[in-house]
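Asks: One structure, pasted below without further comment.
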Amino acid sequence: MSQAAVTIIVLVIFLAILLLISNFASKENAATPSDFFLANRGLGTIVMTMTTGASYFSTWTLLGAIGSHYRDGVWFAAFAAWAVVHALFIWLFGSRIWYLGRKHNFITPGDMMEKYFKSPGLRLLFAIVGIVGLVPYMLIQITGGAFALNSLTDNEIPYWVGVMIMGAFVGIIVTLSGGRGAAWSDTFMGFFFGTVLVLITVIFVSRSGGFEAFNSLQATAPDILVNKGNFWGIAETALGLGFGFWIMPHMWQKFYSAKSPMILAKTSIITPFWNSWLMALSALFIGMLAHTPGLVPGLTTETSDRIIPLFFSSYAPLFGSVVVAAVIAAGISTVNSALLSSASLLVNDLVVRFMKKDVSLAKTTFIAKATVLFMTLLIIVISFIPAAQGFLVPVAALGYGIVLQLVPAALGPLYWQRGTKMGAIASIIVGEATLTLIYLFGSPLPLGPATSGLFLGFLTFVIVSLATQDQDDTVKSEFHDDLKKVYFPESIEEDYSIEKKGVGPVGNETTI
């Protein structure tokens, strides 16, 4: 039996399992946007942890990150720097997003921004930037899975067939089961490709001669053992992954989906070990050990994003089929959440908000499903453009960079009450303009495009906010007073006791 036939059989079994899970989840669904997009805000610890991790595990973990380690060596280990603040960010930002989302029944980030700043235009900005930023992120999942199938089967399964398999299937399962199905299937896929990644790492270390093989790299590839000292590159990567973890629309909406803040607290403890150590160490070991002479047949810099399928195409091809299924799982588990999120931005923030305000919940859900299929078709079409088929990490970084420019404005409702509508809008425009100009023309400064845009966006947000004033601060005060009561109840009691003693009201201007 040919490698292509074995791979197809394994894929059919794997995809059938996903379809059964999605079908089972669909029986629990209700025809409401909250249920379709957010699983009715009822995700527990295990599912929340796995779907959060699975949305960060992607083809860039099993393909792109490994390829970057092969090309850049130990320097790229900086991508794990975000793990230092990973758990902290889930609590600092995720719990506040959860609380405000639950109280005000928010579906998208734009819901929160419009209500807080009383600005439909800001909602529109968040939706457009979110959708544009998610496209490259979804794209690498489709192209990565297609390239993996192509490499493992020695071109017997063409790239276009892989694209159609990835795109069509993810469109079907998301349309069928929505957020609940995505979360449940993520749980299965997370355990699956996490286990496979550990096995792959063990096999690579063993086949290269054990950990002693790292000593041999001093002779065969000494450059990859040297830290390039690129501080600003490290900063760019860490900021993109760190802030991107909560500002990316599909991650933001996962915080809405949790059953309680305690679920997020538990997730913040488990996720760094599940995500960061597994991703960082496995990718590091495999990528660097791939320099061992003869270990990966046909490996070049140009094909370095396909190290795993190239390796298994000649060594243990049957297990290689399982590995490709893991790559497909990594891609689907990420693209399903991103696809669902992009559809929610289109439907909730554009169609329903500005075009069909009186549409019923059932009709909104129907439009959402149609939008999922439309977005799936769009991603499939884009994946055939040559520019979309480059190295996975740079393409993903572009998506992160675009959405990263929303961070300053998002800090308004979460932390800084003095931030104004004009400051928020200006920060996004300046951030995106800076990002675009530096991508096109470069910069004399050491900062990368995303970091430059973020820093200038922060500066713009502060300066413009201090120079302007929103006419009505009622909702802003309500947001921050509510957060203060939740996070600092003792300070509220102190303020109240001081008022009763006749000192007068205090703390009204305090923000958290």
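Asks: Determine which member of the set PHE214, PHE191, PHE204 is out of contact with any Lys or Arg (no Cβ under 9 Å at 6 or more places or on another chain) and over 15 Å from LEU281 (Cβ atoms).
Replies: PHE191
Asks: Could I ask something else about it? Would you confirm whether any residue within region 274-289 is within 28 Å of ILE380 (Cα to Cα), small (Gly, Ala, Ser), modelled with pLDDT of 80 or more and touching a Phe, Trp or Tyr at 6+ places or on another chain (Cβ under 6 Å)?
Replies: So far as region 274-289 goes, no, none of its residues is within 28 Å of ILE380 (Cα to Cα), small (Gly, Ala, Ser), modelled with pLDDT of 80 or more and touching a Phe, Trp or Tyr at 6+ places or on another chain (Cβ under 6 Å).
Asks: Within region 133-152, does at least one residue satisfy the condition of being assigned to a helix (DSSP H, G or I), under 22 Å from the mean Cα position of the chain (by Cα) and of a type in the set (Ser, Thr, Tyr)?
Replies: Yes, because at least one residue in region 133-152 is assigned to a helix (DSSP H, G or I), under 22 Å from the mean Cα position of the chain (by Cα) and of a type in the set (Ser, Thr, Tyr).
Asks: Let me ask something additional. Open to solvent by less than 10 Å² (accessible area, probe 1.4 Å), in a helix (DSSP H, G or I) and either on the phi < 0 side of the Ramachandran plot or modelled with pLDDT of 80 or more (or both), is that true of GLY242?
Replies: The answer is yes for GLY242.
Asks: Which residues, counting only those in region 258-305, are in contact with a strand residue (DSSP E or B) (Cβ under 8 Å, 6 or more places away or on another chain), part of a helix (DSSP H, G or I) and either open to solvent by 10 Å² or more (accessible area, probe 1.4 Å) or closer than 15 Å to GLY64 by Cβ (or both)?
Replies: ILE263
Asks: Among GLY144, GLY94, which is within 30 Å of LEU299 (Cα to Cα), in contact (Cβ under 8 Å) with a residue 12 or more places away in the chain and touching a Ser or Thr at 6+ places or on another chain (Cβ under 9 Å)?
Replies: Result of the check over GLY144, GLY94: GLY144.
Asks: When you go through VAL174, VAL196 one by one, which is the residue that is within 30 Å of ALA87 (Cβ to Cβ), among the β-branched types (Val, Ile, Thr), modelled with pLDDT of 80 or more and surrounded by fewer than 22 Cβ atoms within 10 Å (Cβ to Cβ)?
Replies: Result: VAL196 is the single residue among VAL174, VAL196 that is within 30 Å of ALA87 (Cβ to Cβ), among the β-branched types (Val, Ile, Thr), modelled with pLDDT of 80 or more and surrounded by fewer than 22 Cβ atoms within 10 Å (Cβ to Cβ).
Asks: A follow-up question, please. So, PHE374, is that one without any contact (Cβ under 8 Å) to a residue 40 or more places away in the chain and either among the aromatic types (Phe, Trp, Tyr) or touching a Leu at 6+ places or on another chain (Cβ under 6 Å) (or both) or not?
Replies: yes
Asks: Just to be sure before I move on: is ASN227 over 18 Å from VAL74 (Cα atoms), at pLDDT below 80, open to solvent by 40 Å² or more (accessible area, probe 1.4 Å) and not β-branched (Val, Ile, Thr) in the structure I sent?
Replies: Taking the combined requirement at face value, the residue does not satisfy it.
Asks: Another question, then. Would you confirm, using the coordinates I've provided, whether ASN336 is open to solvent by less than 10 Å² (accessible area, probe 1.4 Å) and touching an Asp or Glu at 6+ places or on another chain (Cβ under 8 Å)?
Replies: For ASN336, the condition - open to solvent by less than 10 Å² (accessible area, probe 1.4 Å) and touching an Asp or Glu at 6+ places or on another chain (Cβ under 8 Å) - is met.
Asks: In region 131-146, what residues are modelled with pLDDT under 80 and either surrounded by fewer than 24 Cβ atoms within 10 Å (Cβ to Cβ) or aromatic (Phe, Trp, Tyr) (or both)?
Replies: TYR137
Asks: Further, regarding this structure: Among ALA362, ALA370, ALA343, ALA338, which is in a helix (DSSP H, G or I), within 28 Å of VAL196 (Cβ to Cβ) and small (Gly, Ala, Ser)?
Replies: One residue alone meets the criteria, ALA338.
The values are calculated or read from the model by the stated rules, or taken from the named source; none is laboratory data. What you are looking at is a predicted structure, and each value in this text was computed from that prediction instead of being measured. All Cβ positions, glycine included, derive from the backbone under ideal geometry; neighbour counts span all protein chains shown. Surface areas here come from the heavy atoms of the whole protein model, side chains and all, with no ligands, DNA or RNA. Shrake-Rupley method; radii C 1.70, N 1.55, O 1.52, S 1.80 Å.
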